[in-house]
Structure formats: structure tokens, C-alpha cells
Amino acid sequence: MRYLPLTEDDRRGMLARIGVADVDALFEDVPASARRSGPIEGLAPHEGELGVERRMKALAGKNIPAGSVPFFVGAGAYRHHVPAAVDHLIQRGEFLTSYTPYQPEVSQGTLQYLFEFQTQVALLTGMEVANASMYDGSTACGEAVMMANRVTRRSKAILSGGLHPHYAEVTRTQARWTNFTADELPADVDGTEDLAGLIDDTTSCVVVQNPSVFGHVRDLSALAEACHAKGALLIVVVTEVVSLGLLTPPGEMGADIVVAEGQSIGNALNFGGPYVGLFATREKYMRQMPGRLCGETVDADGRRGWVLTLSTREQHIRREKATSNICTNSGLCALAFTIHLSLLGEAGLTRLARLNHATAAALADRLAKVPGVTVVNDGFFNEFTVRLSKPAAAVVEELAKRKILGGVPVSRLIAGKPELDNLLLVAATETTTPDHIDALAAALGEIL
Amino acid sequence: MAMNSIGRGDTRPIADTAGGDAMTFTGNRGLQIEEALIFEQGQHGRTAVDLPEPPATALRIGRVRAREEIGLPGLSEPQVIRHYTRLSQKNFAIDAGFYPLGSCTMKHNPRLNEAMARLPGFADIHPLQPISTVQGALEAIDSLAHWLLTLTGMAAVAMSPGAGAHGEQCGMIAIAAALEARGDKRSRVLVPESAHGTNPATAAALGYTVDAIPATADGRVDLEAMKAKLGPDVAAIMLTNPNTCGLFERDIVEIARLVHEAGALFYCDGANFNAIVGRVRPADLGIDAMHINLHKTFSTPHGGGGPGAGPVVLSEALAPYAPASAVVRDGDGFRLIEHPEGTSFGRMKAFAGQMGMFTRALTYILSHGADGLLQASSDAVLNANYILASLKDVMSPAFDGPCMHEALFDDEFLKGTGVTTLDFAKAMLDEGYHPMTVYFPLVVHGAMLIEPTESEPKESLDLFIATLRNLSERAKAGDADHFTGAPRLAPRRRLDETAAARKPVLRWRPAEMLDEAAE
Amino acid sequence: MANIKFTKDHEWIRIEGETATVGITDYAQQQLGDVVFVELPDVGKALERGKDAAVVESVKAASEVFAPVDGEVTEINKLLQDQPDTVNSDPQGEGWFFKVKLADIAQLDALMNETEYNNMIAEHG
């Protein structure tokens, strides 16, 4: 077996030094009733690369990759072009096959990029500090609410009806089982909901997504003021992080915690994971933040270096008193994010964001001309909602038959609401071409 | 006050002039190159990505203003490549050397797994594109789920948790949901003292009181103490097996019987499942829920600390409470249940799980096959015992008898030498090794937990053993300075963690901002 | 020094009429190592004897400081926010944690005097 270096001779010699006859003797503590002998049921013997590759390629071949067709699917995961340098660099063994930087003297590479990542996230979100990443945007959202509960010592969160339904569901699940309240508003299709009026002295936080899951872009400054007037925190969720290259950042609007899905920068779609959660807040709440933090210091020779710090908040020290049970972060995805953002820089990100917005605007204009299609949004970034003359789920299936991946039916995200059946979320990015837009418009024209 | 520092070493480095070679003009040392932050090398207007000029259409962003400056540095592609290449060279990694970090399982990461995860049919598919266009992805998830169930003997598996601790939470919520469904209010969770910190953190987050079970002198759960703590208010026990001391819990079947008899459920932390794959099925031990760290047992890359994946296998009793999303067979094809239905306890994470980790783990399983998986766990245990047997006369094993996949030592052998566990670990850095896990588990004083994994050839183990023997003898011979000043040859010497924690600097700031703050 | 009492958990309490000042002992700060952060209770909070009152953190450990007596917090040591190292340099002086208004003066009887405390650490240390 190509991954196992020991030879039979090695094994014999090692068993002799240990003083046992065979490896089974080392498993003597296993209760006899639970010992298994014989091969693993149904699993073939080991196989060479060629054979395994054939089997995996056969599975992969049954899927339609986004890059092979006109593609307009978003709703929390976006297809962007990732420069070749990103994947090359993250596959360097020194990054790929290292672990959490517990020994900082030989982990300065990981620590320095985490420090740079934290800085980039703080700058992008307009916040003061950020952590070294979370599993993804949805889990970061749940953690943000729990942090707000700790900070305010209250336990009632208000979830906007523009929050991604999966994020709301993750937060509701946390609420249900860790004993706080998460009041969710009805789907805010038009982007007109009034959250400020719902805040009272028992509200720990308001969670609002910008752009919302329906694509609406909002100025949240007044909402932030309304939260602060009642001692509540404003949590802003961003699921399309490229939008921060164009829009006023949540920090400037008064957000207290910003969480984001960072997948759009550096990371492939991967059918939903692994992604990378961004988590940023105000300096005064730093010690209430979940997850790992990297900080600057000096070594014994006075040279600048980095270490994991404030780890007393974490589970391995605080145990049952930890701020969160989170152990791992999303290191390699954070690395991909930080490399891609370094490649883009200020000029590249700004241009990328404008290009996304312009492409989506062209798509909206084109679709608005198709009979049976109404664009719901006035303002948006790179994704918006359209109302169709037929149920969106069936239309998307029809489009798929024509090799067009036409968007996300709202009914796929929110079940049991017939009034939402005709709504479709459509996204465009820099990868969307005029031909793709024409193809979608033409196909919709035929189907509707 | 409650103190829990468990004999840890100093967190401030000792300055010593004996270390360090003559400084060069640049501060570089041969191939070790000092590298500034990207923020210190960027230029405004430079970029490494050429994009077309966006058309000059009016912005449609409602009443929101377009943002002005972000503050990101601009670099060209050669600069970016060089920056991260240099950073990478400051990292220890499995690819570069022996990395016996106990409880973390730093085994070889096959590159075929990386290639397979990057096939466009897996990497370039969207979690919300029509189900008819992702049948191969659902089949891959179903196939991995099938092998996880075969290897554990359990009834069901929840695939969506994002990492081990997340899986733990998933399993514990399933337990809470099952108890609630039968109208049973229980408030306490039993957790052995030796448990990984995530266990008590998870139980406490769900509102349970954590009750610690002491260990016996031979490093296992004290069965009598556990019996005494069992009662009608106990919801569950959370037990790691093999445990964090690297030992198989020999009474585990009896523990499961007693726990069930008391009406409680049995959560097993599956962090160490890699030791027993193919030899023991957790279902046969009486377990109700167990997470599997795919990065440990099935060698998805650790990536500097993630991403992970933590599928949770569940018993018949807990299966109905599994979270969304779930893949189900539907005739010739597959469906995805995306909305929690019936008794499902909810959703752990957006979308359907860590697909990129699933494809790697599936590739690993197919590559190893039935014989390879069994050989891998056998070799992991053999290697650990070989290290234990080869060092037991110069270091101090924490417990008698054979271990499973990791060998645990305490700091008894360093007593009176002036060398702490931390110093010993730092001296290993100078010898070119990543140290073992230190100061964990907490139940052993100055713990050193060595996990060689099955990936290490005997020649490599022999050199490691010789090195540790040499270091042990050196410590006992009174050469404490060699240890307390270590490392001297790593990219950095010991770092001042106290200063980092007292005045946290968590991000770079431009000089003018720092000046303003100072004023 | 007769008005200083000690707990088995290494807190000290100095009584000045109806109020008392609380901190951690020199032995405790030595065991903790470099203190990097101290989390203090809010002024006005009602403390309960034996329950968590504050948290003191070193780099590798976070430890709860328990209230030696019942009482209401009247003042906290703001100096510790910026200079937590004062706990190391002057634990039983400038490094005090908080002051409480005693609820039940009789509770002091259960605590140790300096000699008894020193004997206790001599035995266990």
C-alpha cells in the first residue's frame, strides 16, 4: 500500500522490541465481544491511483459544473474567477500539511498570514478587529448572536426577513438548544421591512443582511442608532463579500459585529463547503469574540513575530466556561481568501466589485424586457429577485434541461409559502458573459 | 480562586546571548528570509489581477453611498508569489518532517485526494443548483456516508457539521432532542477529567451542568466513581475512546450498559477513531453518537488549522433527530432534504456539508481499501508502542501497559533537571522536529503526548527515538541552558506571549493611525 | 494585620469597618504567572460567598476568583484594566480587585488568619 512505509520485516522487529507476538496483542483492552476480525464488509482491497481516479471521475462526471454553462446561481455562494496563483500557493505543503500554530517559533508563516487576514477583514468590513476565521458565514452568524447575548446579557435576537434562510435556520437551531430567543420576520421580498420599531429593552441584537438575500442594498445607519438607543447590538451579515468593494462598509453604518461568508474571494463553490466565515467587531468587544486570534509580539532576540493570543477565551482552557466550543478555524480557506485579496489589492477589488455590479445591471435590464419577468429590486449589488409568471422551481428545471443554470427559486430556500413560488434569485459576476445573458433571456422567453 | 495552570512553563522568553548566530545586514539567514507584511510593501494602484474596465453605467445601489478608500495594499503577482512562498518557508509541516502532535493525527496527506477534490465536477458546482445537475455529488456523499456507517456499525449519519467540535454539538443536540421527545428533563452531563476542552464547552453551551469523572491510576474512567454519579438527572456521558491518554477504555461496554440503564445516552468523542478503524465498530460498544474528524482518520489536510469536517454517526435511538441537510436515495437517483422535517432538530450549517472534505475522505477510503484501512490503524498503534517501548527507560511513561495510537509521558524524568516539558519541546525544534502535544491531557503532570501515525517509516522513528534519548540524557546531565534557551535555530526564538496578551495587537495599522492613537 | 483574612482558595480580604477589600494572595499570583487580564464585577453587583466574583487570566490559564463573603460591590480597581501586572507586583496592595459592603460580618469568622493561611500553603505547597 503506497501510503504505508512499514515492511513486514520492520513490523516483526518492532513487535520484538515491544515484546509481543503480534499487533492483536496491543488491542488486548478491547472487550472480546467488540473485537472484529476479517475484512471490512463490501469494501474492495486497496487500489492504485488510476483506478480510484476513474471511480471519482465517474461521479464527478454526473454533475454539471458551473463553468460549463450559462450560470446565474448565487444566494450565499458565488462563482468568481480565482487567479491561478491562489491554488498554487495554498497547495504548498508547508501550508497544506501544517496544523494550528501551537509552536509559534516554527509556525510564523501561518501566523503572519492570519495577522494579515485579520487586518484585511477589519479593513473590508470597516471594523476595528477581526478573528482568524470561522467555519462559514452561517455558523459565524449564530456565534455573533451568542456573542451579542453575552455582551448585552440579554437573550432575544431579532432576525431580519432579508437574512439568508439557512443562516436564520442555523441561528434558530442555536437559539432553540442553547436557550435564547430568535424572532424571525417574514420574508422581506421588497426590502421594506421596519426593524427599528421592534427593538425594545430586552433585545440583545438585530441581525440584518446587506445586500439582503433578495438582493436589496440598504443604508443601516438609522437602524444602528435605533439599536444603540435601546442598548442592543447591530449584527450585519454579508454573504457576498465582493460587495464590500463597492458599498459603504457595515462598520461605517454603525454595526457592532459584522459576519460574512468569505467564499467569494479565493474559494471555489465546492457544493457548499468548505467555506470561510469572517468575524469582525469593535475593539471594546474583543474579549467576547469567539474563535482564534493572532497577535503581534517579539521573540527573545527582540524580533517581531506572531502568536495565538487571548486563548483563555477558548475551550481548551476555559472548558465549560469558554466563549464558544469552536476548536478549528478555516485556515486554508482563509489563506485562499487572503492571497486572492492580496492579488486584487484596493484597485483590483474595487474594479471587480464594479464589474460585478455592472454585469448584474445589464442582466436586470435584459431580463426586464422578457415578457413574464418583473425585476423586483431598485437597488442591488450583483444579485436581485425577479417575479416570474410561472413557479420558479419548474422554470429552473426547464432551464437546466437547456443547459442553463438559471438561479435559485425562493421556494428552494423557504418551504411552504406559495406566495413566494414565482420568485427567482438571479446572480451575475465577472464570469457572466453577454452571451450567457442572451441565452438566459431567450430561454426564459420561450419557457414563460 | 480556581487555578488550572497545570504546571505550565513560562510564557515570557528568557533572553540569552549564547543563542543566535551573528546577525546579517538584512536580518536574513540564508534561505530564511525576513518578510514584511503585505501592508508594508503595497503600493497604491498596483494590482496582480487584470480586469476589464467596467462600463460607465450609473450605480444602482439604492440610498447607499459607494465606498471610498478601503486601505488594501496593491501588489503585483511576482510580489504576491514571493511573499507567500517566503511565509510558507517559516512553517513546519508533515511534508517537511516528523510531526508527532498527539491527538491531532498528522499523517500523510495523499495528493490524489487534492486532485480529486479539484475536479470541476466537484469543485465547480453550486450547492443550490438543480438537484438533477448534482447527482454525482449526492452519490459521493451517500457513498462516504455508507462507508462511515459500515466502519462504525451505526444506524445513521449526519454529514453537515463543519468540524469535530461542531459534530460534537450536533450529537449532543440530538441527545437533548431525544430526551425532550420522551418528556425527560435531565440536567447533568458526565465528562471525564481527561476530556478534550471542547466536550465540557459543548455540554455547557446546551445548558447542562458538567460533572467531571475522575480517572483511575491506570488512566481510564473510574467505573465506581461514574456509577456513583449516575442518576435520573444525567442526560449523557461524553467519553473519548480511545481516550485522550491514548488508552482504550476497557470498561466501555459496561459503561454503556450502566449509562443506558440510568436512562442516559452515550456520546463518544471520535477524535481517536483512527486507532481502531476496521478492528472495532463503535456500535458494538454501545455508543449512541460519535463524530468523526475527517482530517484525522481520513487524512484531509489540516491546512494550518482547518477546514475540518465532522460527520456524526447516530444510533437507532437518535437517528430521527438528525439535522438537515440530508441525502436520501430516491429510486435510481438521490434527493437532498433541505428543510428540517418531522423530528429533525434543525440545521447546523448552510448547505449540505463540507463537500471538499468528503471527496478527499472518499478518495482516501477507496485508495486504502479494506486491507489498507486495517493496516493503517494497526501500523499507527504499532508505531506508537514502538516509541513507548524504546523510550520507557529514559523518559517516564504516564501509565503501564501498551498504548493505542499515541504514547503519553509525564515530566517525572525531568524532575530536578531545571528543564520543563515546554523547554524539552522547544529543544526538539532545534533538532528539526515538531514537538509532541504538551500539557494535554490535563490529568498528567507536564504531559507529552506522542502520536507518530502510520505514515512514518521505521528509519524515521529510530532517529526520533535516538534524538529523544539524547535530549533526555542531556537534560539529566545538567545541561539545562540548552533547553531553556531553545529554540535557537528556528525562524523565531521563543515569543513573548505575555506581552501579546497584555496589550493585544490584532491587526496592522498605518503609521499615521498609530501616531494619532499615541496622541 | 489582624484585620486581614484569607480563604482556602487564595483570596485575601481586608476589613475596614463595613466594607472590605478583596484580592488574590502573593502565593496565588506566583502560581498563575504573568497576569494579563482581570475581569472585575460591576459596581452594585450582589456577590454570594463562594461564587464567582472575578476572573484573572494569565496567558495559559483563566481562573475564577470567588467572593469570600456575601456583599455588594462598591468599588473596583480600575488600575487593573490597563496594568494587570500590578497583580503580580503588588498583589496584597495596589493589586486589589474590588471592595464590598459586607452583608454579614459573622461570615468572616469562617476565614483563616495569616498564620493559618501560611500553614496551609506550607503543607500543600
Q | Among the candidates B:E193, B:E254, residue that is surrounded by fewer than 17 Cβ atoms within 10 Å (Cβ to Cβ) and under 24 Å from the mean Cα position of the chain (by Cα) | A | B:E193
Q) In the stretch B:257-276, how many residues are part of a loop (DSSP other than H, G, I, E, B) and either buried (at least 23 other Cβ atoms within 10 Å of the Cβ) or modelled with pLDDT under 95 (or both)? A) 2
(Q) I'd like to know if the stretch B:433-444 contains one or more residues that are β-branched (V, I, T) and within 21 Å of B:P214 (Cβ to Cβ). (A) yes
Q | Unmet requirement for A:G38, which otherwise passes all of (1) buried (at least 17 other Cβ atoms within 10 Å of the Cβ); (2) at pLDDT below 95; (3) not hydrophobic (A, V, I, L, M, F, W, C) | A | (1)
(Q) Being at the interface with chain B (Cβ under 7 Å from one of its Cβ atoms), touching a residue at least 12 places away in the same chain (Cβ under 8 Å) and in contact with a strand residue (DSSP E or B) (Cβ under 6 Å, 6 or more places away or on another chain) is the requirement here; does A:A75 meet it? (A) yes
Q: Look through A:G109, A:G126, A:G142 and report the one residue that is on the phi > 0 side of the Ramachandran plot and at pLDDT 95 or above.
A: A:G126
Q | Selection from the stretch B:179-196 of residues that are assigned to a helix (DSSP H, G or I) and away from chain A (no Cβ under 12 Å) | A | B:A181
**Q.** Unique match (being closer than 18 Å to B:A140 by Cβ and in a helix (DSSP H, G or I)) among B:R335, B:R360, B:R329
**A.** B:R360
Q | Unique residue being assigned to a helix (DSSP H, G or I) and either free of Cβ contacts under 8 Å to residues at least 60 places away in the same chain or within 21 Å of the chain's Cα centre (by Cα) (or both) when the list is B:L442, B:L408, B:L461, B:L422 | A | B:L422
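Yes/no matrix, rows are residues, columns are (1) part of a helix (DSSP H, G or I); (2) touching a Pro at 6+ places or on another chain (Cβ under 6 Å); (3) among the basic types (K, R); (4) within 11 Å of another protein chain (Cβ to nearest Cβ):
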{"position": "A:Y167", "(1), (2), (3), (4)": "yes, no, no, yes"}
{"position": "A:V206", "(1), (2), (3), (4)": "no, no, no, no"}
{"position": "A:G231", "(1), (2), (3), (4)": "no, no, no, no"}
{"position": "A:Q263", "(1), (2), (3), (4)": "no, no, no, yes"}
Q. What number of residues within the stretch B:214-245 are within 14 Å of chain A (Cβ to nearest Cβ), over 22 Å from the mean Cα position of the chain (by Cα) and hydrophobic (A, V, I, L, M, F, W, C)?
A. 4
Q. Within the stretch B:350-363, can you find the residues that are over 18 Å from the mean Cα position of the chain (by Cα) and over 17 Å from B:D124 (Cβ atoms)?
A. B:A350, B:L362, B:T363
Q) Which is closer than 21 Å to B:M172 by Cα, of a type in the set (D, E, K, R), surrounded by fewer than 24 Cβ atoms within 10 Å (Cβ to Cβ) and within 25 Å of the chain's Cα centre (by Cα), of B:R347, B:R281? A) B:R281
Q | Condition met for A:V121 (assigned to a helix (DSSP H, G or I) and surrounded by fewer than 24 Cβ atoms within 10 Å (Cβ to Cβ)) | A | no
Q) Of everything in the stretch B:68-125 that's β-branched (V, I, T) and over 19 Å from the mean Cα position of the chain (by Cα), which residue is surrounded by the most Cβ atoms within 10 Å (Cβ to Cβ)? A) B:I125
Q: Among what's in the stretch B:141-180 and is of a type in the set (D, E) and either at positive phi or in contact (Cβ under 8 Å) with a residue 12 or more places away in the chain (or both), pick the residue that is surrounded by the most Cβ atoms within 10 Å (Cβ to Cβ).
A: B:E168
(Q) For the stretch C:1-52, give me each residue that is assigned to a helix (DSSP H, G or I), modelled with pLDDT of 90 or more and surrounded by 21 or more Cβ atoms within 10 Å (Cβ to Cβ). (A) C:A28, C:Q29
Q) Is it the case that A:A393 is farther than 20 Å from B:E53 by Cα, in contact with a strand residue (DSSP E or B) (Cβ under 8 Å, 6 or more places away or on another chain) and among the small types (G, A, S)? A) yes
Q | Positions within the stretch B:83-118 being within 7 Å of chain A (Cβ to nearest Cβ), of a type in the set (A, V, I, L, M, F, W, C) and touching a residue at least 24 places away in the same chain (Cβ under 8 Å), in sequence order | A | B:L87, B:F92, B:I94, B:L101, B:C104, B:M106, B:L112, B:M116
Q) Out of B:A163, B:A93, which single residue is hydrophobic (A, V, I, L, M, F, W, C), in contact with a Cys (Cβ under 9 Å, 6 or more places away or on another chain) and within 30 Å of B:T202 (Cβ to Cβ)? A) B:A163
Q: Quickly run through the stretch B:464-500 and pick out the residues that are free of Cβ contacts under 8 Å to residues at least 60 places away in the same chain and within 14 Å of chain C (Cβ to nearest Cβ).
A: B:A500
Q. In the stretch A:79-100, what count of residues is obtained for those that are closer than 11 Å to B:G304 by Cβ, facing chain B (nearest Cβ under 7 Å) and touching a residue at least 40 places away in the same chain (Cβ under 8 Å)?
A. 3
Q. Only one of these conditions is not met by A:W177: (1) within 8 Å of another protein chain (Cβ to nearest Cβ); (2) within 29 Å of A:L349 (Cα to Cα); (3) over 20 Å from the mean Cα position of the chain (by Cα); (4) without any contact (Cβ under 8 Å) to a residue 12 or more places away in the chain. Which number is it?
A. (2)
Q. Considering A:N356, A:N382, A:N422, A:N377, which residue is within 25 Å of A:L163 (Cα to Cα) and away from chain B (no Cβ under 12 Å)?
A. A:N422
Q) Would you pick out the residues in the stretch A:10-44 that are assigned to a loop (DSSP other than H, G, I, E, B), among the aliphatic types (A, V, I, L, M) and either under 24 Å from B:D400 (Cα atoms) or more than 7 Å from chain B (Cβ to nearest Cβ) (or both)? A) A:V20, A:A21, A:V30
Q: Look at the stretch A:68-102 and say how many of its residues are surrounded by fewer than 21 Cβ atoms within 10 Å (Cβ to Cβ), within 27 Å of B:R82 (Cβ to Cβ) and of a type in the set (S, T, N, Q).
A: 1
(Q) Can you tell me how many residues within the stretch A:118-138 are facing chain B (nearest Cβ under 8 Å), of a type in the set (S, T, N, Q) and touching a residue at least 60 places away in the same chain (Cβ under 8 Å)? (A) 4
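The values are calculated or read from the model by the stated rules, or taken from the named source; none is laboratory data. Fair warning: this is a prediction, and the values are worked out from it, not measured in the lab. We place every Cβ from the backbone using ideal geometry, glycine too, and count neighbours over all the protein chains shown.
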